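Structure, as C-alpha cells:
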Amino acid sequence: MKPVCVLGNGQLGRMLRQAGEPLGIAVYPIGLDAEPQALPTAQSVITAEIERWPVTALTHELAGHNAFVNRDIFPLLADRLTQKQLLDRLGLATAPWQLLSDADEWAQVFTTLGELAIVKRRTGGYDGRGQWCLRADEIAMLPADCYGECIVEQGICFSGEMSLVGARGHDGHTVFYPLTHNLHQDGILRTSVVLPDVNAEHQQQAERMLSAIMNELNYVGVMAMECFVEPEGLLINELAPRVHNSGHWTQNGASISQFELHLRAILGLPLPMPVVSTPAVMVNLIGTDVNLDWLNQPLVHLHWYEKEVRAGRKVGHLNLADVSPAALSAALNALVPMLPAEYASSIAWAVEKLGCSCLLADLKRGSAPTKPANRISFCPNIPQIFL
Ligand code: ATP
Ligand code: MG
C-alpha cells in the first residue's frame with residue numbers, strides 16, 4: 001500500500017494517521033516547515049488537512065506533485081468568493097451573498113440582504129474568526145482592510161445546522177454518512193449529534209447537492225458540506241475539502257470512520273457505504289484540560305490531541321455511541337458535572353436531540369414514550385454569532 005503524506009500536522013492529520021494504522025497504511029502528517037528530503041514524498045499519495053498554506057520548501061515541492069489529490073481544488077474552495085461562485089454556478093441554494101468591495105456599498109447591501117449582514121473574510125477564517133455580524137448602525141466596527149477581502153452574507157434565522165460528510169472515489173462512486181446535527185456557539189462547533197433515523201427529504205437534498213459539487217470538481221476523498229436548516233429545506237453555508245470536525249463521531253459511531261474513508265478514497269481502495277446503526281454524539285473539548293474522570297463513563301471515548309490547552313482552542317473531543325438514546329443521554333448528563341459550566345447548554349441540546357430519538361425508538365418498540373430528561377427549548381440562531 002502506498003504511503004500517504006498529509007500537508008499539515010494538526011489533529012486531523014493525527015487522526016488520519018491513526019486510521020491508517022490497522023490497514024497497514026503509513027500516514028505522515030507533515031508540518032509546513034519540514035524538509036522535503038526527509039520525507040517519502042516521491043512514492044506517496046499526497047493529501048492535506050488544511051485548505052491554504054504559505055510557500056515553503058515543502059509546499060513548493062508538493063504543489064507540483066502529480067500525486068497530490070485535489071491539488072487544484074484547494075485554492076478554489078479556500079476562497080469564499082470562488083466557493084460561493086461555484087455554488088451559484090451549480091444553482092445550489094446558499095445564503096444570499098455578494099462581494100464587499102467598498103464602504104459605499106452598505107446601503108445597497110442592507111436593501112438587498114436585509115437588516116443583518118454577516119461579513120466573512122474570503123480566506124483564513126475558522127471557528128468563527130474573521131467574521132462580523134453587523135446591523136446598519138454597526139458598520140464602523142468593520143476594519144478598513146476588509147473591503148475587497150470579504151464577502152457579505154444575509155444573516156439566516158435558521159432552525160438548526162446540519163452537515164453532510166461524504167466521499168467520492170477515483171471512479172466517481174460516492175458514499176455518505178447520515179446528516180449530522182451541529183450546535184455552534186460563538187461560531188465554533190460545540191456538539192454534534194447523529195441519529196440513524198434521518199429526515200429522508202433533507203438527506204436526499206443534501207446528497208444531491210454534495211454529489212453535484214464533488215462531480216463538478218472531479219473531487220476524490222472526503223468532503224464536508226455545512227448547511228442551515230430552513231422551512232424550505234437546506235441552504236449551504238460552506239464546504240470543506242477534507243475530513244471535518246462534524247464527522248469525528250464516525251470514529252466510534254460508524255462501521256468506517258471518515259478518516260479511513262478518506263484514505264480509502266485517495267488510495268483507490270473499496271468504498272462501501274459506511275453502516276450507521278446507532279445514535280452518536282461528539283462533544284468538542286475547547287480550551288479544557290483533560291479530566292480522567294471522564295473515563296469512568298463506559299460509553300465515553302476520549303480523543304485527546306496532545307496540544308497545549310489554550311482558551312478557545314480545540315484540544316480533543318469525546319465520542320459516545322449506543323443503541324439506546326436513553327443510555328446515551330444518561331452518560332451525557334453524567335458528564336456535565338465533570339466539565340466546565342459552559343458545556344451544560346450544548347449537552348442539554350444533544351440530550352434534547354436524543355429525546356426525539358428516544359420517543360421514536362419507544363414508539364417503534366410499542367412501549368409508552370418516556371419523557372426525556374432535561375428538555376429545553378433551544379434555537380441556535382443569530383445572536384450566537386461571534387462578533
Ligand atoms: P468553521 O471553519 O469552524 O466551520 P468558519 O469560521 O469557517 O467555521 P462559518 O461556518 O462560515 O465559519 O460560520 C460559523 C458559524 O457562524 C456557522 O456555523 C453559523 O452558526 C454562523 N453563521 C455563519 N454564517 C451565517 C449566516 N449567514 N447566517 C447566520 N449564521 C451564520
Ligand atoms: Mg463552518
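Here are a few things to note about the model shown:
- Among the residues making up region 183-208, those that are within 16 Å of ligand 1 (Cβ to nearest atom), in contact with a Leu (Cβ under 6 Å, 6 or more places away or on another chain) and not small (G, A, S) are R190, T191.
- Odd one out for L261, checked against (1) touching a Leu at 6+ places or on another chain (Cβ under 6 Å); (2) more than 15 Å from ligand 2 (Cβ to nearest atom): (1)
- For region 209-255, the candidate set comprises residues that are on the phi > 0 side of the Ramachandran plot and surrounded by fewer than 23 Cβ atoms within 10 Å (Cβ to Cβ); within that set, the residue that is nearest to ligand 2 (Cβ to nearest atom) is G233.
- Residue within region 87-103 that is closer than 18 Å to R242 by Cβ and basic (K, R) present: no
- Within region 140-176, the set of residues being in contact with a helix residue (DSSP H, G or I) (Cβ under 6 Å, 6 or more places away or on another chain) and within 29 Å of F259 (Cα to Cα) comprises S163, L164, V165, G166, A167, R168, G169, T174, F176.
- Test result for L116, surrounded by 17 or more Cβ atoms within 10 Å (Cβ to Cβ), modelled with pLDDT of 95 or more, of a type in the set (A, V, I, L, M) and touching a strand residue (DSSP E or B) at 6+ places or on another chain (Cβ under 6 Å): no
- Close pairs (7 angstrom Cβ cut-off, 6 or more residues apart or separate chains): within 16 Å of H317 (Cβ to Cβ) and touching a residue at least 24 places away in the same chain (Cβ under 8 Å) in region 174-191, within 12 Å of ligand 1 (Cβ to nearest atom) and assigned to a loop (DSSP other than H, G, I, E, B) anywhere: L183/P380; H184/P380; I188/D127; I188/G128
- Pair list, Cβ under 6 Å, 6 or more apart: region 9-29 residue touching a residue at least 60 places away in the same chain (Cβ under 8 Å), other residue among the basic types (K, R): V27/R17
- Selection from region 128-145 of residues that are in a helix (DSSP H, G or I) and either under 13 Å from D104 (Cα atoms) or within 16 Å of ligand 2 (Cβ to nearest atom) (or both): A136, I139, A140, A144
- Checking A57 against (1) touching a helix residue (DSSP H, G or I) at 6+ places or on another chain (Cβ under 9 Å); (2) surrounded by fewer than 15 Cβ atoms within 10 Å (Cβ to Cβ); (3) under 23 Å from M214 (Cα atoms), the condition it does not meet: (3)
- V165, sole failed condition from (1) away from ligand 2 (no atom under 16 Å from the Cβ); (2) surrounded by 16 or more Cβ atoms within 10 Å (Cβ to Cβ); (3) not in a helix (DSSP H, G or I): (1)
- Region 168-219 - residue that is of a type in the set (G, A, S) and part of a helix (DSSP H, G or I) and, of those, nearest to L87 (Cα to Cα): A212
- Taking each residue of region 118-131 that is at positive phi and looking for partners that are of a type in the set (V, I, T) and within 11 Å of ligand 2 (Cβ to nearest atom) with beta-carbon atoms closer than 8 Å, six or more apart or interchain, yields D127/I188; G128/I188.
- Every condition in (1) within 16 Å of ligand 1 (Cβ to nearest atom); (2) within 30 Å of P3 (Cβ to Cβ); (3) aliphatic (A, V, I, L, M); (4) buried (at least 24 other Cβ atoms within 10 Å of the Cβ) is met by V315 except one, and the failing one is (4).
- Residue check for F176: of a type in the set (F, W, Y), closer than 30 Å to T250 by Cβ and surrounded by 13 or more Cβ atoms within 10 Å (Cβ to Cβ): yes
- Failed item in (1) modelled with pLDDT under 95; (2) part of a loop (DSSP other than H, G, I, E, B); (3) away from ligand 2 (no atom under 16 Å from the Cβ); (4) farther than 30 Å from N9 by Cα, with L387 passing the rest: (4)
The values are calculated or read from the model by the stated rules, or taken from the named source; none is laboratory data. Quantities reported herein were computed from a predicted structural model and do not represent experimental measurements. Positions of Cβ are generated from backbone atoms using ideal geometry, with glycine treated the same way; all protein chains shown enter the neighbour counts.
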